[in-house]
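> Here's a structure for you.
The values are calculated or read from the model by the stated rules, or taken from the named source; none is laboratory data. Here the structure is a predicted model, which means the values were calculated and not measured. Here the Cβ positions follow ideal geometry from the backbone for every residue, glycine too, while neighbour counts run over all protein chains shown.
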Amino acid sequence: MTDLLIARGRVIDPAQGIDKVTDLLLSGGKVHSLGRLSRPDPQNLPVLDASGCIVCPGLIDPHVHLREPGQEEKETIATGAAAAVNGGFTSICCMPNTQPAIDDNGRVDFVYHQAARAGLANVFPIGAVTKGRAGEALAEIGLMAAAGAVGFSDDGCAVASAAVMNKALAYIAMTGKALMQHCEDPQLGGGVMNAGSLATRLGLAGWPRVAEEIIIQRDILLNQRQNFAARYHIQHISSAGAVEMVRRARADLFGQNHITAEASPHHLLLTEESCAGYDTNYKMNPPLRARRDVDAILDGIRDGVITILATDHAPHTQEEKELEFAHAPFGIIGLDCALPLYIRALIEPGIIEWPTLVAMMTINPARLCDLKGKGTLAPGADGDVTIIDPHQGWGIDVDEFASKARNCPFHGWKVNGRALATIVGGQVKLLRDWERLKGYDGDPVPETAGELLALLSSEQRN
C-alpha cells in the first residue's frame, strides 16, 4: 500500500499545534498532506474511514526491554515489535540490559537487523553507558552513536559511581544524545517493595524513596557543574520527592531543556497495597509506592514537570514469576495494553486532555531520542500513524497479547480506548475493523495479535 487516505478523523498533532477533524494523505511511506486532498484521482486511493477516531503521529515508547540477545525465551525483538503494533506503537526504544549487553556498535547493528527482518514496528537501540553495564569503564559511546544508538542507559541498574557518571555526562553530551538514568543507589536500594509499615508486616525487604532521590539529586548537580551540557532523562519516576526535585531543576533556565522525566502506567494506577497478596505481578523496579507518591506523579504530569510516558515493558517467563515474592524478578509487560491504561489514569479523571497525552507519547519521546521524522504528521515526515478509537470498551486479556510474556497485573481490567489501526512507514500493520478500509486490494492486514505473530518466522518468535 503506497498511498492511503485517512479520512474524517480528529487529527491531533501537538508538534504542529493541530487538533481538528480533517483528512490525512500518506504517499510513498511519508506524510503527503493534511486537509483537503490535492490529488487528481482520489477514487483510485484506498480510503480508511477514521470517523469518530483520533488520528495522531505513531505512538513511541522510549523504554522497553526486548531481551534479545540472550533471553529469547522471554521476548525477542520480533515479538516485542509485534506487541508494540498490537498496542498502537509504531516505534520503540529497547534497553541494553541484554546478555551480552548492547555496549558496542556491532550489537547496535544487530538490533536494527532483527527489527528489519520482523518488518513490524521501528525498533531503536539504546546503548549501554558502561561496558557490560558494570558501572566501571565507559562503553564505546561514540561508535554506538555513529551506528545509530538513540540514547544511552545502564537501565536495570544506575551508574552508581559519581566519577563515572561525571565522565559519562561529558562524553554523551558530545554525541547530542540523552543519558537515561535508572535512579537507584545500590547501597540504599535492593529491596523488593516500597519501604514502610506494609513491607514490615509482610516480612519483605523495603526499598526507600531516598534510593531514587539521592541519585537524581547527585546527577542534577553533576550536570549543573558541566553547565547542563548533557541531556539527562529520569526513567520510571516513582516518588513524590523525585517529582519535586525535577520540578525545581526544570524551573532553571537550562534545566527546562536538559532534564526530563517519564512515568509508567503502573506508577499511575497502582500502589504498594497491591503487594499485600504476594502476587509477583506487582513486583516492580522501582517499586509501587504510596498513594501520595501516585498523586505527586499525577500532579507532575498535570503541571508539565513529567513530559513523557513509557511502559518499561519487562517480559519474564511464567516460571520466574511463580517464584516467591522475594526471589521473583522485577517487572511487568505493558506494550499491548498501555494506551487504555494511560486513558484511565490521565484522560478519564481530567488530569490532562488528549493533545497533551498525544504529545507525551509522540513528539516528546521523539525529541528525547532524536528520532528524525517521527512524532509529527508534518508533510515529509515518516508515514507512522496511530488511529485510536477513544471509546471502545474491552477487557485486557494477556492471552490475546502479542508479547511472549504474560506477567501483567492488569489482566481482567475493563478499559476504554484502543488502537484501531497501526501504520508504519505508510504500511498498515494492524487494522481491527476492515469495514473502514475501502479500495484496498493488497495482502490481508492482521486484525489480531495472533495474526501479527503469524507473519513472523518460527526463529523470530522463538
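> In the range 167-183, how many are in a loop (DSSP other than H, G, I, E, B) and under 20 Å from the mean Cα position of the chain (by Cα)?
3
Table: residues versus (1) more than 16 Å from G304 (Cα to Cα); (2) buried (at least 24 other Cβ atoms within 10 Å of the Cβ).
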| site | (1), (2) |
| --- | --- |
| E212 | yes, yes |
| A230 | yes, yes |
| L268 | no, no |
| T271 | yes, no |
| Y278 | yes, no |
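> Let me ask another. Within the range 276-294, which residues are without any contact (Cβ under 8 Å) to a residue 40 or more places away in the chain and either among the charged types (D, E, K, R) or assigned to a loop (DSSP other than H, G, I, E, B) (or both)?
From the range 276-294, those without any contact (Cβ under 8 Å) to a residue 40 or more places away in the chain are 277, 291, 294; that's our starting set.
Matches in the range 276-294: R291 only.
> Only one of (1) outside the structural domain of E184 (by TED's automatic domain parsing); (2) in contact with a Cys (Cβ under 6 Å, 6 or more places away or on another chain); (3) more than 30 Å from K74 (Cβ to Cβ) is not met by H391, so which one is it?
(2)
> Here's something else I'd like to know. Name the single residue, out of those in the range 326-344 being small (G, A, S) and over 16 Å from the mean Cα position of the chain (by Cα), that is nearest to V64 (Cα to Cα).
It comes out as A328.
> Quick one: is Y282 surrounded by 18 or more Cβ atoms within 10 Å (Cβ to Cβ), of a type in the set (F, W, Y) and either within 13 Å of A199 (Cβ to Cβ) or in contact with a strand residue (DSSP E or B) (Cβ under 7 Å, 6 or more places away or on another chain) (or both)?
In short, yes.
> From the list F152, F124, which residue is of a type in the set (F, W, Y) and in contact (Cβ under 8 Å) with a residue 60 or more places away in the chain?
After applying the criteria, what remains is F124.
> While we're looking at this one, here's another question. Could you grab me the full set of residues in the range 302-325 that are within 20 Å of V64 (Cβ to Cβ) and β-branched (V, I, T)?
Within the range 302-325, I306, T307, I308, T311, T317 qualify.
> Determine which single condition Y278 fails, assuming it passes every other condition in (1) closer than 25 Å to E348 by Cβ; (2) in contact with a Phe, Trp or Tyr (Cβ under 9 Å, 6 or more places away or on another chain).
Answer for Y278: the failing condition is (1).
> Would you please name the residue that is farthest from E272 (Cα to Cα), looking only at residues in the range 167-192 that are hydrophobic (A, V, I, L, M, F, W, C) and surrounded by fewer than 24 Cβ atoms within 10 Å (Cβ to Cβ)?
So, considering only residues that are hydrophobic (A, V, I, L, M, F, W, C) and surrounded by fewer than 24 Cβ atoms within 10 Å (Cβ to Cβ), the one farthest from E272 (Cα to Cα) is M174.
> For E459, state whether it is modelled with pLDDT under 95, outside any loop (DSSP other than H, G, I, E, B) and within 28 Å of K30 (Cα to Cα).
no
> Counting residues that are polar (S, T, N, Q), which helices (runs of 4 or more DSSP H) fully inside the range 221-270 reach at least 1?
Correct list: 255-258.
> In the range 364-393, which residue that is within 21 Å of G426 (Cβ to Cβ) and among the hydrophobic types (A, V, I, L, M, F, W, C) is surrounded by the fewest Cβ atoms within 10 Å (Cβ to Cβ)?
Here the residue is A378.
> Could you say which residue among V164, V159 is crowded, with 18+ Cβ neighbours inside 10 Å and assigned to a loop (DSSP other than H, G, I, E, B)?
The conditions single out V159.
> Return the total of residues in the range 259-301 being within 20 Å of the chain's Cα centre (by Cα), farther than 12 Å from S238 by Cα and either not assigned by TED's automatic domain parsing to the domain that holds A345 or not aliphatic (A, V, I, L, M) (or both).
Initially, the range 259-301 is screened for residues within 20 Å of the chain's Cα centre (by Cα), giving 259-270, 281-288, 294, 297-298, 300-301.
Within this subset, residues satisfying the condition of being farther than 12 Å from S238 by Cα are 259-260, 281-283, 301.
The next check asks that each one be either not assigned by TED's automatic domain parsing to the domain that holds A345 or not aliphatic (A, V, I, L, M) (or both); those that pass are 260, 281-283.
Residues in the range 259-301 being within 20 Å of the chain's Cα centre (by Cα), farther than 12 Å from S238 by Cα and either not assigned by TED's automatic domain parsing to the domain that holds A345 or not aliphatic (A, V, I, L, M) (or both): 4 in total.
> Looking for something over 18 Å from S238 (Cα atoms), hydroxyl-bearing (S, T, Y) and crowded, with 22+ Cβ neighbours inside 10 Å - is there at least one such residue anywhere in the range 352-361?
Scanning the range 352-361 turns up no residue that is over 18 Å from S238 (Cα atoms), hydroxyl-bearing (S, T, Y) and crowded, with 22+ Cβ neighbours inside 10 Å.
> Does any residue in the range 3-14 that is over 24 Å from E353 (Cβ atoms) come within less than 6 Å, Cβ to Cβ, of a residue that is not in a strand (DSSP E or B) six or more places away or on a different chain, and which pairs are these?
Partner pairs satisfying both residue conditions: D3/L45; L4/P46; L5/L45.
> Based on what the data block shows, is L221 aliphatic (A, V, I, L, M) and surrounded by fewer than 17 Cβ atoms within 10 Å (Cβ to Cβ)?
Here the answer is yes, as L221 does meet what is asked.
> Return a yes/no flag: does the range 236-256 have any residue that is closer than 21 Å to D185 by Cα, in contact with a strand residue (DSSP E or B) (Cβ under 6 Å, 6 or more places away or on another chain), crowded, with 24+ Cβ neighbours inside 10 Å and not small (G, A, S).
Yes, some residue in the range 236-256 is closer than 21 Å to D185 by Cα, in contact with a strand residue (DSSP E or B) (Cβ under 6 Å, 6 or more places away or on another chain), crowded, with 24+ Cβ neighbours inside 10 Å and not small (G, A, S).
> Further question on the same structure: In the range 91-129, what residues are buried (at least 24 other Cβ atoms within 10 Å of the Cβ) and among the polar types (S, T, N, Q)?
Answer for the range 91-129, where residues must be buried (at least 24 other Cβ atoms within 10 Å of the Cβ) and among the polar types (S, T, N, Q): S91, T98.
> In addition: With respect to T422, determine if the residue is within 13 Å of L48 (Cβ to Cβ) and either surrounded by 20 or more Cβ atoms within 10 Å (Cβ to Cβ) or of a type in the set (G, A, S) (or both). Give the steps one after another, and end with the answer.
Values: within 13 Å of L48 (Cβ to Cβ): yes; either surrounded by 20 or more Cβ atoms within 10 Å (Cβ to Cβ) or of a type in the set (G, A, S) (or both): yes.
In short, yes.
> Among the residues of the range 431-442, are any surrounded by fewer than 22 Cβ atoms within 10 Å (Cβ to Cβ), assigned to a loop (DSSP other than H, G, I, E, B) and out of contact with any Leu (no Cβ under 9 Å at 6 or more places or on another chain)?
Yes, the range 431-442 contains a residue that is surrounded by fewer than 22 Cβ atoms within 10 Å (Cβ to Cβ), assigned to a loop (DSSP other than H, G, I, E, B) and out of contact with any Leu (no Cβ under 9 Å at 6 or more places or on another chain).
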